[in-house]
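One structure is given here, and the rest of the page talks about it.
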Amino acid sequence: MVGVGDDHLSRVLRGARDKRATGELTRRVAVALDLPEDYFPEARLEFIVERLGEQPTLRDRVYDQLRKEESSADGHGKRRSA
């Protein structure tokens, strides 16, 4: 129903061979399950990334805001270790 084999879906779900769900795949799965096409976060993230790539001013504003929030959270202005 979604245009990929069961074996591929299994690898994606397990994260085998570094397989990850793409926005397109999650949209197709959502539609097949009669859910909104943006039901899964991967679809929403792909949409955001595409739009940010098309709008450099918005991309820079989002980047600046995220960096500011990160700096406030760790108090140093540096990335926190994972």
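Since every read-out is calculated from the coordinates, none of them should be taken as a lab result. Bear in mind that the values here come from a model prediction, so they are computed numbers and not experimental data. Here Cβ is always computed from backbone atoms with ideal geometry, including for glycine, and neighbour counts include all displayed protein chains.
Using bins of 10 Å that start at zero, the share of Cα-Cα pairs per bin across segment 21-64 amounts to 31, 38, 24, 6, in whole %.
If you wrap the chain in the convex hull of its Cα atoms and look at it from every side, the mean projected area works out to 7.5 nm². When the Cα positions of His8, Ala30, Gln65 are compared along the charge dipole of the chain, Gln65 comes out farthest toward the positive end, with charges on each C-beta of Lys, Arg, Asp and Glu.
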